[in-house]
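The values are calculated or read from the model by the stated rules, or taken from the named source; none is laboratory data. Please read all numbers here as calculations on a predicted model, not as lab measurements. Here the Cβ positions follow ideal geometry from the backbone for every residue, glycine too, while neighbour counts run over all protein chains shown.
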Amino acid sequence: MKVFLAGAAGAIGRRLTPLLLRAGYHVTGTTRTKKNAELLTTYGAVPMVVDVFDAGALRDAIAEAQPDIVIHQLTDLPAAPGTPGYAEGLERNRRIRVEGTRNLIAAAQAAGVRRVVAQSIGFIYAPAPGARVETDALDPTDEPVRRGTVEGVRALEDAVLKTPGIDGIVLRFGFFYGPGTWNEARPKGAAIHVDAAAHATLLTVQKGKPGLYNIAEDDPGLSSAKAKRDLGFDPAFRLKADDLTAAGGRP
C-alpha cells in the first residue's frame, strides 16, 4: 500500500517514516529542502521537495505518487513559546492548517485518494471540569492568539472530516516531547512522546475509522480512552534502534 506523507522530515514524520516502511508501506515523503530529502532517502522513502502552498506542484506530486493514503503532518513552529519568532511561527502554522490543508485535500481528491489522516492538537478544548473527550466543544475564546490557533484547527479538521469522498481521520495530540521537539522531558498538561504519536498514526493508518481521536498520555484534562479502545494506542510506546535500522534509517 502506498502512503503520501506530507511533512515527512518533521518531528513526527522522522519517527513515523521508518515505522511505515517497516510495516510494509511504500512511502513518498515531502519536505521543503534538499537536505531533508537526502535524510528521507536514507530511511528508504521516496522524497519529494514540494511546498504545500504551491497547489499545482502539490497536485502533481500526489498524482505522481498515486497513494492509497495521504498523511498530513505539516507544521511550521521552529521557535518555542517565549522565544523570538514564536508569534510569527504561530501565524505560519495557522496558514498551513488553513491554506495548506485545503491544497492537500484538493490534491488528494484530484488523485482519487479516499483516506486522509491529519495531525491536530488536543489542548484547544473549551475549559470544563473533567477529562475532555472528542465530542466536547473547542474553546470559543476571544483572546487573539489562541483564537487564531483554534480557527486554524477548525479549518484543518473541517477540511479533513467534511470533504465529500474523503474518509478523514484527525488525531488530536497532546504537547509533544522527545527528539526533535522543544521538550526532552514531559511537559506539564496533556502530553505525548513523539514516538508514541508516530505509532498512534501508524495504528490509525492500519485500522482507524473516520473521525476524531485524542492521543496523549494519561492526564486529568484529556481522555485518550477512545484511541486505546479502538486503535490499541499505547502511550508508553518508544522506538528502538532496530525500528529505524530495519527500515534503512538511523536513530
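Some notes on this structure:
- Selection count where residues are within 30 Å of residue 230 (Cα to Cα) and assigned to a loop (DSSP other than H, G, I, E, B), scope the range 128-144: 11
- Among the residues making up the range 66-90, those that are surrounded by 14 or more Cβ atoms within 10 Å (Cβ to Cβ) and either touching a His at 6+ places or on another chain (Cβ under 6 Å) or free of Cβ contacts under 8 Å to residues at least 40 places away in the same chain (or both) are 76, 77, 79, 86, 89.
- Looking only at the range 23-39, residues that are buried (at least 19 other Cβ atoms within 10 Å of the Cβ) and over 15 Å from residue 67 (Cβ atoms) come to 4 in all.
- Residues located in the range 149-180, provided they are surrounded by fewer than 18 Cβ atoms within 10 Å (Cβ to Cβ), in contact (Cβ under 8 Å) with a residue 24 or more places away in the chain and charged (D, E, K, R): 151, 167
- Listed conditions (1) among the aliphatic types (A, V, I, L, M); (2) assigned to a helix (DSSP H, G or I); (3) touching a Leu at 6+ places or on another chain (Cβ under 6 Å) are all met by residue 153, apart from (3).
- For residue 189, the conditions (1) at pLDDT 95 or above; (2) closer than 14 Å to residue 132 by Cβ are fulfilled apart from (1).
- Filter result for residue 184 (of a type in the set (D, E, K, R), in contact with a strand residue (DSSP E or B) (Cβ under 9 Å, 6 or more places away or on another chain) and more than 30 Å from residue 129 (Cβ to Cβ)): yes
- Residues of the range 183-213 classified as under 26 Å from residue 82 (Cα atoms) and touching a Gly at 6+ places or on another chain (Cβ under 8 Å), total: 8
- Of all the criteria given as (1) assigned to a loop (DSSP other than H, G, I, E, B); (2) buried (at least 20 other Cβ atoms within 10 Å of the Cβ); (3) not basic (Lys, Arg), the one not satisfied by residue 237 is (2).
- Subset of the range 16-50 that is touching a strand residue (DSSP E or B) at 6+ places or on another chain (Cβ under 9 Å) and charged (D, E, K, R) - its residue that is farthest from residue 197 (Cα to Cα): 34
- Annotation: residue 163 fulfils all but one of (1) within 18 Å of residue 132 (Cα to Cα); (2) modelled with pLDDT of 95 or more; (3) over 14 Å from the mean Cα position of the chain (by Cα); the unmet one is (1).
- Single residue of 186, 147 found to be charged (D, E, K, R), assigned to a helix (DSSP H, G or I) and farther than 27 Å from residue 46 by Cα: 147
- One residue from 146, 132, 114 being crowded, with 17+ Cβ neighbours inside 10 Å and under 21 Å from the mean Cα position of the chain (by Cα): 132
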